[in-house]
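Accompanying notes for the structure given below.
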Amino acid sequence: MKLLRFDGLPSKHNTLATFQMLLKTLPMLLRGTPTKVWLRKSGGPLFIGRGARVSNPQMIAHEGRLVIEDFAEVQGLAKGGLNFGKDVSIGRGVMIRPSSYYGGEVGVGLWVGDRSSFGAGCFIGCSGEIRIGDDVMLGPGVRLFSENHLFDDNAATIKSQGVLREHLIIGDNVWVGSGATITAGVTVGSGAVIAAGSVVTKDVPDNAVVAGVPAKVLRSR
């Protein structure tokens, strides 16, 4: 492992930047290390940022390094739990919620591959099954939903009609741009690119570039 962590800087600035990085990450490691003993499985170092909240840790597993940035909320209460691969990062203010905190039916859960990342402010509603592959980048503010409210009965309130839970699958090597939304029942193929602000309501083929509301295929990579 190289000692100087940043590329493109003069040696003097790189040394200082690396030292500043250590000042940030060492307290995160100190917060994470005691939490490891409560996890279902911990296969590497755990870094937890300031103000981050990890709930139901006995249902959370990670295979390698896991970074949970400041003020993120990671709730493990799901039938399948939360399952992270190696070198996964969860950005500042990300919310991962499979279930309500206050009762009701428990959600299905989340499976994430190796080297995937969640940008700041993402919302991951994994009440249905969400699977994310390897090397996936979710930009800031991306929203993933795996359930929809039922509303066909006009004689009843929408809230009383419950929800329909479906899968949401993202393949390997996918880039989801900032602010995009992917809805329940969608499969995003490997190598796809989803433009910022898109709303994806239908399956996306492998290597497709999609954009718009609703998202449409613009071209293939």
Residue within segment 144-167 that is farther than 26 Å from S99 by Cα and assigned to a strand (DSSP E or B) present: no
From G93, G80, residue being in contact (Cβ under 8 Å) with a residue 24 or more places away in the chain and closer than 21 Å to D134 by Cα: G80
Residue selected from segment 193-214 under the condition in contact (Cβ under 8 Å) with a residue 24 or more places away in the chain and in a loop (DSSP other than H, G, I, E, B), by the criterion farthest from D135 (Cα to Cα): A196
Selection count where residues are crowded, with 18+ Cβ neighbours inside 10 Å, at pLDDT 95 or above and not hydroxyl-bearing (S, T, Y), scope segment 139-164: 6
Flag if G51 is modelled with pLDDT of 95 or more, closer than 21 Å to G85 by Cα, among the small types (G, A, S) and out of contact with any helix residue (DSSP H, G or I) (no Cβ under 7 Å at 6 or more places or on another chain): no
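Residue by residue, here is whether (1) buried (at least 16 other Cβ atoms within 10 Å of the Cβ); (2) touching a Phe, Trp or Tyr at 6+ places or on another chain (Cβ under 7 Å); (3) closer than 26 Å to G179 by Cβ holds:
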site	(1), (2), (3)
L9	no, no, no
P27	no, no, no
G32	yes, yes, no
W38	no, no, no
L66	yes, yes, yes
K79	no, no, no
D87	yes, no, yes
G93	yes, yes, yes
Residue tally, condition assigned to a loop (DSSP other than H, G, I, E, B) and either out of contact with any Asp or Glu (no Cβ under 8 Å at 6 or more places or on another chain) or of a type in the set (S, T, Y) (or both), over segment 175-185: 5
Neighbours by Cβ (under 6 Å, 6+ apart or cross-chain): first from segment 100-118, hydroxyl-bearing (S, T, Y); second buried (at least 16 other Cβ atoms within 10 Å of the Cβ): S116/V88; S116/I132; S116/V136; S117/S89; S117/M137
Qualifying residue in segment 138-150 (condition: in contact with a Gly (Cβ under 8 Å, 6 or more places away or on another chain) and among the aromatic types (F, W, Y)): yes
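Let's see how each residue does on (1) of a type in the set (K, R); (2) modelled with pLDDT of 95 or more; (3) closer than 22 Å to F118 by Cβ:
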position: L3; (1), (2), (3): no, no, no
position: K12; (1), (2), (3): yes, no, no
position: A17; (1), (2), (3): no, no, no
position: K24; (1), (2), (3): yes, no, yes
position: L29; (1), (2), (3): no, yes, yes
position: R40; (1), (2), (3): yes, yes, yes
position: F47; (1), (2), (3): no, yes, yes
position: N56; (1), (2), (3): no, yes, yes
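The values are calculated or read from the model by the stated rules, or taken from the named source; none is laboratory data. Because the structure is a prediction, the values reported are computed rather than measured. Glycine also receives a Cβ, built like all others from the backbone with ideal geometry; neighbour counts cover every protein chain displayed.
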